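Worksheet: the structure to be examined is printed underneath.
The values are calculated or read from the model by the stated rules, or taken from the named source; none is laboratory data. This one's a predicted model, so the numbers in the text were calculated from it and none came from an experiment. Every residue, glycine among them, receives a Cβ derived from its backbone with ideal geometry; neighbour counts consider all protein chains shown.
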Amino acid sequence: MQDNLIEKIKPYIKNYESYLVGGYLRDLLSGEISLDRDIAIKCDNLAELTKKIADDLGGSFVELDKINEIYRVVFGADYIDFAKLLNNNLEDDIKRRDFTINAIMFDINNEKFIDITGGKKDFQEKIIRTYKISNLSDDPLRILRAIRFQSKFGFRIDDEIINFIKENNSLILNVAPERVHQELMKTFEGKFLVDALFSMNESGLLDVIFPFFKDIKKIPPNSHHHLDLFHHLIETTKNIRINKPELKLAAFVHDVAKPDCWTIEQETGRHRFIGHDELGAKKIIPYLKKLKFSNKEIEYISKMIKFHIYPSALMKDENVTERAIIRFIRKIGEDTPDLLELARADRLSARGSAVSFEMIQTNLSNLEKLMEKYIQISPKLKEMPKLIDGNKIMEILNIKPSRKLKEIIEEIKELQLEGKIKSKDDAVNFVKNYNL
């Protein structure tokens, strides 16, 4: 095993039992290059040792956990985490780890693998297993981490773990929300996300983290949706081609408010969900706040939910104007490609009896046209100069700050994009001739 950073620190740890463990070895088995280096070490003065490594090699020393003696040495974008062996005993340390695939160790000084829990075999057989089921109770986040590893690797979760999660899924509520948020985002990055979402649902973990799914699962298929609402959301998430966890999460919850807006027309039997987009954008916010999503993440996910119908509804109008399309692109801005991807995935996941093949193809074609228009005008959005400000408009028209002022400013920007207003004089003349 060749690793330049490990080679640099070898002289400092040659007199201590030192083992690479965890993500570095797991990724090595999967053929990936990892910078996630964790070293378990038998050392009674670990803080002193890691400080010396940092000082001598030009790194920075970071104390992660003084009580459990976990320290980090940072070299620019590179780092190594050092942790004291549990009870200063190798076997105790291995057997207390979350999953067997994370309990494989590499003896750095003797250059050999140590695998007493069968982690290599489990990796080859693609199964997530634990040496002791009680290990999951030691840190309840591990029940969600099992889901995350399934999403990343596509491995099957051992039945013993699934049953444990079913009986103890509420333990996740005892975990710091910041940690749950981090695991969720890593889960939604995974190539095998759909399998992981089904496991989350089967184990009951989904309903604990997002209680609104209990109501979502009550909505049946209808003439516009060949799947019940829960499976529609799964299918929509599956159809997202952009590997962006926030977008995939938005896809998974984009119909969060449908149960609140559900009505059935007596005459036609048609299922209606009027206003679920607007309500859903608001409904999701407290759940994301509770899980300590950033304001930027919350704004993005809420925005995707609020406008997920907008692109298809806009282009459904045969008489849609150039200005309406420009207004859409300006409103959504740089998130336009993501929103169009969500609209596309949503369309492909709704194929009820009332939806013809031609309707689907027309919808998809219209979304492609919107994307082409975005590509065409997005550079202009960034480069567009400000030709007139609000103060000048108020002076010319003798008006005060108001909604009308905002409408005028927006109209000037749209005319700029259309090439109908090109200079400051054009903007001033437009305002002078504006009909209030």
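Against the criterion of being part of a helix (DSSP H, G or I) and within 24 Å of ILE325 (Cβ to Cβ), MET394 does not qualify. Among the residues that make up segment 202-225, is at least one of them in a helix (DSSP H, G or I), over 24 Å from HIS276 (Cβ atoms) and either modelled with pLDDT under 95 or in contact with a Pro (Cβ under 6 Å, 6 or more places away or on another chain) (or both)? Scanning segment 202-225, I find no residue that is in a helix (DSSP H, G or I), over 24 Å from HIS276 (Cβ atoms) and either modelled with pLDDT under 95 or in contact with a Pro (Cβ under 6 Å, 6 or more places away or on another chain) (or both), so the answer is no.
Scanning segment 1-49 for residues that are farther than 27 Å from PHE99 by Cα and among the polar types (S, T, N, Q) gives ASN4, ASN15, ASN45.
Of the residues in segment 234-274, how many are crowded, with 16+ Cβ neighbours inside 10 Å and free of Cβ contacts under 8 Å to residues at least 24 places away in the same chain? Residues that pass the stated criteria total 2. Please identify the pairs in which a residue from segment 11-38 that is surrounded by fewer than 18 Cβ atoms within 10 Å (Cβ to Cβ) has its Cβ atom under 7 Å from the Cβ atom of a residue that is of a type in the set (Val, Ile, Thr) and assigned to a helix (DSSP H, G or I), counting only partners at least 6 apart or on another chain. Final answer for the pair search is TYR12/ILE53.
Note on segment 274-309: residues that are aromatic (Phe, Trp, Tyr), farther than 24 Å from ARG327 by Cα and assigned to a helix (DSSP H, G or I) total 1. From the list ILE375, ILE412, ILE388, ILE399, the one residue that fits, being surrounded by 14 or more Cβ atoms within 10 Å (Cβ to Cβ) and in a helix (DSSP H, G or I), is ILE412. Taking the numbered list (1) of a type outside the set (Gly, Ala, Ser); (2) in the same structural domain as GLY275 (by TED's automatic domain parsing); (3) on the phi > 0 side of the Ramachandran plot in turn, ASN398 passes all entries but (2).
Residue by residue, here is whether (1) touching a strand residue (DSSP E or B) at 6+ places or on another chain (Cβ under 9 Å); (2) under 21 Å from ASP92 (Cα atoms); (3) at pLDDT below 95 holds:
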| residue | (1), (2), (3) |
| --- | --- |
| ASP122 | yes, yes, no |
| LEU141 | no, yes, no |
| LEU144 | no, no, no |
| ILE147 | yes, no, no |
| SER151 | no, no, no |
| ASP159 | no, no, no |
| ILE165 | yes, no, no |
| LEU171 | no, no, no |
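Hey, could you check segment 182-203 for residues that are farther than 27 Å from HIS271 by Cβ and over 15 Å from the mean Cα position of the chain (by Cα) and say which is surrounded by the most Cβ atoms within 10 Å (Cβ to Cβ)? Filtering segment 182-203 for residues that are farther than 27 Å from HIS271 by Cβ and over 15 Å from the mean Cα position of the chain (by Cα), the one surrounded by the most Cβ atoms within 10 Å (Cβ to Cβ) comes out as SER203. Per this entry, PHE123 is counted among residues that are surrounded by 15 or more Cβ atoms within 10 Å (Cβ to Cβ) and in contact (Cβ under 8 Å) with a residue 60 or more places away in the chain.
Scanning segment 333-361 for residues that are surrounded by 16 or more Cβ atoms within 10 Å (Cβ to Cβ), more than 18 Å from GLU235 (Cβ to Cβ) and at pLDDT below 95 returns no hits.
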